[in-house]
Amino acid sequence: MDNSTLLVLGPSAWVLLAVLLALAAVVWRVWLDRPPAQMVVAGCRALIQLTVVALVIAFLANRGAWAFAFVTLMFLVGVWTCGRRVARQGRWWLAALPLAAGVVPVAALMFAAGVLPFSALAIIAVLGQQIGGAMSTVTLSGRRVEDELLVRRGEVEAAVALGFMWPAARLMVGRPVAGEAVLPSVDQTRTAGLVTLPGAFVGMILGGAAPLDAGLIQLLVLISLLLVNSLAAATTLWLSCRGAWWAGPDRSVP
């Protein structure tokens with residue numbers, strides 16, 4: 001038996017990819033009433049981008065300094081992606097604040113502790129996961145808080161009429177739901193090894209790493225993501241409570 005990979009790759013894998021994407025597009029359209037082109041474009045973009053990224057990472061394997069340039073590009077794409085989800089017609093670029101608030105302190109701690117080496121592959125792999133986690137958290141927390149502020153705008157205005165400042169009034173409404181965006185990370189960490197086997201852990205085991213070492217590295221990734229995502233959600237809430245995504249001092253939502 002070939003133990004080099006969990007999946008058998010070949011022509012059938014490409015056929016299966018096309019079938020899975022087509023079925024996802026059908027379900028997306030028929031049951032969820034969304035444009036199927038969104039699903040198809042997402043899959044095609046993933047194919048192209050992963051191919052390019054694989055080539056870039058191979059090129060940067062022994063070029064640690066250049067890895068930061070690539071991570072910066074990842075960060076900018078993350079800002080554009082989640083920022084436009086939260087405030088498409090507003091100040092979407094402010095998504096850089098929660099992303100940086102989540103990723104930079106945690107990465108600095110990992111470098112300072114000597115856990116994260118100055119290696120291109122390590123830098124791209126770890127910081128890439130952190131940026132991706134923070135991006136999802138900003139999208140979910142931002143949209144959730146903004147929707148809550150819209151639905152319960154009357155409560156916010158009533159609190160302001162009673163003497164509360166706008167940020168404090170919004171905070172009473174937004175805080176209970178902002179943390180929901182971090183729950184997937186919490187659940188993933190709680191069930192690691194029981195419900196799911198994280199990809200990094202499996203990859204290291206298959207690559208020949210000692211099981212305990214692989215487990216410790218995966219644990220560092222999972223715990224670091226808890227802090228990254230918590231900081232990103234808290235900063236997103238802070239921006240929403242100050243109406244920073246939109247123009248005007250008392251505007252919570254578009």
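The values are calculated or read from the model by the stated rules, or taken from the named source; none is laboratory data. Because the structure is predicted, anything quoted here is derived from the model rather than measured. Here the Cβ positions follow ideal geometry from the backbone for every residue, glycine too, while neighbour counts run over all protein chains shown. For the accessible areas, the whole protein counts, side chains as well, though only heavy atoms, and no ligand, DNA or RNA atoms are used. Shrake-Rupley method; radii C 1.70, N 1.55, O 1.52, S 1.80 Å.
The table for this structure:
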| item | result |
| --- | --- |
| For Leu20: the one exception among (1) under 30 Å from Leu220 (Cα atoms); (2) in a helix (DSSP H, G or I) | (1) |
| Pairs with Cβ under 6 Å, 6+ apart, first in the range 10-37 and on the phi < 0 side of the Ramachandran plot, second in a helix (DSSP H, G or I) and open to solvent by 80 Å² or more (accessible area, probe 1.4 Å) | Pro36/Arg29 |
| Residue among Leu226, Leu150 that alone is modelled with pLDDT under 90, assigned to a helix (DSSP H, G or I), aliphatic (A, V, I, L, M) and open to solvent by 40 Å² or more (accessible area, probe 1.4 Å) | Leu150 |
| Residue match in the range 189-201 (condition: under 21 Å from the mean Cα position of the chain (by Cα) and either closer than 20 Å to Leu99 by Cα or modelled with pLDDT of 90 or more (or both)) | no |
| Any hit, the range 118-135, residues being in a helix (DSSP H, G or I), over 26 Å from Leu76 (Cβ atoms) and open to solvent by less than 60 Å² (accessible area, probe 1.4 Å) | no |
| Count - residues of the range 212-235 that are closer than 15 Å to Pro98 by Cα and hydrophobic (A, V, I, L, M, F, W, C) | 8 |
| Cross-chain or 6+ apart pairs with Cβ under 6 Å, the range 154-176 first and over 15 Å from Ser240 (Cα atoms), then small (Gly, Ala, Ser) and crowded, with 18+ Cβ neighbours inside 10 Å | Ala159/Ala169; Val160/Ala169 |
| Condition met for Ala42 (of a type in the set (A, V, I, L, M, F, W, C) and within 20 Å of the chain's Cα centre (by Cα)) | yes |
| Index of the failed condition, Leu219 passing every other in (1) open to solvent by 60 Å² or more (accessible area, probe 1.4 Å); (2) of a type in the set (A, V, I, L, M, F, W, C); (3) modelled with pLDDT under 90; (4) farther than 17 Å from Gly133 by Cα | (4) |
| Per-region count, the range 48-91, residues among the small types (Gly, Ala, Ser), assigned to a helix (DSSP H, G or I) and open to solvent by less than 30 Å² (accessible area, probe 1.4 Å) | 4 |
| Scan of the range 3-18 for residues that are open to solvent by 70 Å² or more (accessible area, probe 1.4 Å), more than 26 Å from the chain's Cα centre (by Cα) and at pLDDT 85 or above, ordered by number | Pro11, Ser12, Trp14, Val15, Leu16 |
| Matching option when the condition is modelled with pLDDT under 90 and not aliphatic (A, V, I, L, M), among Phe68, Phe75 | Phe68 |
